[in-house]
Structures are given as C-alpha cells and as structure tokens.
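Notes for the one structure printed next.
Just so you know, all these numbers are worked out from the coordinates, no wet-lab data involved. Treat the numbers as computed from the prediction; the structure is a model and nothing was measured. In this analysis, Cβ positions are derived from the backbone assuming ideal geometry, glycine residues included, and neighbour counts consider all displayed protein chains.
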Amino acid sequence: MRRAVFLDRDGVINRALIREGKPNAPRVLAEFEILPGVPDALRQLRESGYLLIVVTNQPDVPRGRTSRQDVDAIHARLGQMLPVDDIRVCYHDDDDRCACRKPSPGMLYAAAVERDIRLAGSYLVGDRWRDIAAGRRAGCTTILVDSGHDEPTSVEPEVRLPDLARAAAWILSRPEDQP
C-alpha cells in the first residue's frame, strides 16, 4: 500500500483571501496565488514517494459566490503548476450533511480505496479545524499550518507548523515506519 499527503487547498497551497475577517477561497483564477515554498515542498514529498492529493471543501459554489467553472479553472492551473496526483472537491454545504465535506473523512476514504493508500501511514496538512478533524477520523497524522486565523481548534493536530515547506520537512524527517 502507498502513503499519501492529503493537502487542504486554501491557506496551505494557495493564499486564502480574508473577507469579513475570515479566510476564504479565491473565487476566480485571477485571485489564485500559490504560496511561497509550496512547489519545492511538494516536489520533495513526491520524490520521496508520497502521493499528493488535494482535498478541498468549496461551499462557495452552492452558496452562489463562485461557479464550478471558476473552481475548475483554478484546479487546472494548480495541476499545471504543481505535482499533485489528484484533486478531490466537495461542493456541498454544511446543511447537506454529506460524507465528503470535511470534517467528514469521505474524500480521504475514497482516495484510499481508489489508490491503495494506507491511511495510518499518511498525513493530512490543513489550516482549519475541519481539516484536522477529517485527518484524525481517517487515521492520518495531522499537521496544522498555523496561518494566523483567529479560529478555535476543537481538534488538536499532532503538530503545528507555519507553512507547507516546514510541514514537508517535518514529514520527511520522520522514520519511514512511523506515520
């Protein structure tokens, strides 16, 4: 079985936009900006044998703030710029109570089945409590990218780090038999 690094998108891979004091996803391609250090961090993880799978909630689509076409354009650019193996998207809102919207681990479970991933040897890197909760529920080691959002964290990660570059270095420093 393979190991993976599951990556939240907004705030981990690309800059989250602050609207009304809260972090938000870019709504159009012109707002999409890869954070510094991300390409090198992902390259190092990939070269070490990890699958790189983006798992992202995109509730702005059902809320009417952006379109699927705009999200698809952002993901096409992300796929061109970065060595990711898969991009999984939940287009639901909280009221839908689906299995894929983080904090539910549905996107991680589906990827594990389809790609023969050993979740216990994998990592989830996110910047919000929903990401950490999904990773913990799936049995992954969790890393919180502490981007300074003033949001309570109801689920504690294994480690807090300031960015994806340091998260990748932490992952790569661990013994291979340890998640």
Between Asn24 and Gln69, with labels modelled 7 Å along Cα→Cβ, what's the label distance in nm to one decimal, could you check? 2.1 nm
Quick one: P(r) of the range 125-179 from all Cα-Cα pairs, 10 Å bins, percents rounded to integers, in order of increasing distance. 26, 54, 19, 1
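Computed FRET efficiency, Cβ-Cβ of Arg46 and Asp95, R0 45 Å: what is it to the nearest 0.05?
That gives a FRET efficiency of 0.75.
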Could you check what % of the DSSP bridge pairs in the range 4-173 are antiparallel, to the nearest 5? 15 percent
What percent does the relative contact order of the range 4-173 come to when contacts are Cα pairs within less than 8 Å and at least six residues apart? 24 percent
For helix 38-47, what angle does its Cα long axis make with the longest principal axis of the chain, in degrees from 0 to 90 and rounded to 10? 40 degrees
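Test of understanding: what is the full-extension gain from Ser154 to Ala110, defined as 0.36 nm times their sequence separation minus their Cα-Cα distance?
Roughly 13.4 nm would be gained on extension.
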Over the chain: Kirkwood hydrodynamic radius from C-alpha pairwise inverse distances, Å: 16.1 Å
Calculate for the chain the 222 nm mean residue ellipticity that helices alone would give, adding -39,500 (n - 2.57) per DSSP H run of length 4 or more and normalising by residue count, nearest 500 deg cm²/dmol. -9000 deg cm²/dmol
